[in-house]
Structures are given as C-alpha cells and as structure tokens.
Amino acid sequence: MTVKLKVNGAVHEVDADPATPLLYVLREDLELNAAKYGCGLGQCGSCMVLVDGEATLSCVVPILALGEREITTLEGLGTVEDPAPIQSAFIELQAAQCGYCIPGMMMSAQALLQRNASPSDQEIRDALRTNLCRCGTHMRILAAIRRASEMMSAGAPSNRRAG
C-alpha cells in the first residue's frame, strides 16, 4: 500500500504495510538514519522524532496513524553548515560519548524547548525520562540543553521545520 508521509517538510510516498513502525520507514525507505533502533518497545528513546512538535517514539507508531502530521527527524533540524541551536550546543559541550542515544535526547530536548524556552533542570530531566543513556554523559547533556535554551533566547536561529 502507498502511504504519504510529511517528513522534514517534504511529502514522501512509501510503499509499505500501514502497520509498519515509522522508524523502519525513516531508516529503510527514506534513508534518514539519525533515529536509532534501540529496544523496539518504546522504552529507550533512541528512536525519538517529533510529530507535530511532540516527542514521539517512532519504533511503536505505525505509519497509518500519522496521516498528514508533520514528522521531524534530527536531520530536519539543521545541517552540518547551519546546525540548530540544540545541535550546536551538544557539539559545543561535547555532550555525546558513544552517541547512540544522542539523536533521541536532542529530539526530546527540542520538543521541550519549543514549548518551554527556559526549562528548569527538573523539567529537562522530566522531558528526558524516556531517553536512556548508559555512557554517563548526563551532566553534559543537561548542560547542552541549558546552553541551547540560552542560544534560542539570545536569538540564535531556531528550528525552521518543527513545531
């Protein structure tokens, strides 16, 4: 069956079973590989994307449930030449160790910052509660999200596509 999805501002037609999880379509059909397969059960956050600006676990959402909703992946936030504030902050503060969880962390943080430009540390922790990191870079991740908040408040270019 052909399903239309709006991803990173562009409409894509994919030939897939409507029950296929969004993660598989993103990675296999659209070759957008930032969202990672972690647990496949919606428990680790590695597959996080934004759907209409809300953090969404793409491994458990069937493509049929998305309709014409706007899907944003990490690739849709910025580019190597022009990264979004959240991407710049994670790079600046070296908030990644192995990097596997980082795309999901950034997407959860992006959703938070879109609805709350100046979150408290507790609000950041709450927003990341579905994202697991086993490398121990939690303090750098928190610092990077605070830095992105500062950058966005100071007028750094914000996410052009999501929410």
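What follows is calculated from the coordinates using simple rules that are stated; it is not laboratory data. Just so it is clear, the model here is predicted, and its values are computed rather than measured. Cβ coordinates were reconstructed from backbone atoms using ideal geometry, including for glycine residues, and neighbour counts include every protein chain displayed.
Remarks
- Assigned charges on the beta-carbon of Lys, Arg, Asp, Glu; the chain dipole about Cα centre (debye): 500 debye
- Reference-scaled alpha-carbon Rg (2.2 N^0.38 Å with N residues) for the chain: 0.99
- Each of residue 17 and residue 94 was given a label point 7 Å from its Cα along the Cα-to-Cβ line. The distance between the two points is 4.5 nm.
- Rg/Rh for segment 2-76, where both radii come from Cα atoms and Rh is the Kirkwood radius: 0.91
- Choice from 104, 78, 67 with maximal GNM fluctuation in the chain (Cα, 10 Å cutoff): 67
- Given the chain, longest segment not containing exposed loop trypsin sites (Lys or Arg not before Pro) (DSSP; at most 13 other Cβ within 10 Å): 1-128
- Taking 49, 80, 14 as the candidate residues, the one with maximal mean-square fluctuation in a Gaussian network model of the chain, Cα springs under 10 Å, is 80.
- Residue-span extension gain [residue 68 to residue 138] - 0.36 nm each, minus C-alpha spacing: 21.7 nm
- Directionally averaged projected area (convex hull, Cα atoms, segment 85-153), nm²: 3.8 nm²
- Charge-dipole axis of segment 2-76 as Lys and Arg at +1 and Asp and Glu at -1 on Cβ define it, positive-most pick from 12, 76, 50: 50
- For the pair residue 117 and residue 80 in one chain, pulling the backbone fully straight at 0.36 nm per residue adds 11.0 nm over the alpha carbon distance.
- When exposed loop sites are taken as GluC sites (Glu not before Pro) in a DSSP loop with at most 14 other Cβ atoms within 10 Å, the longest stretch of the chain clear of them is 82-163.
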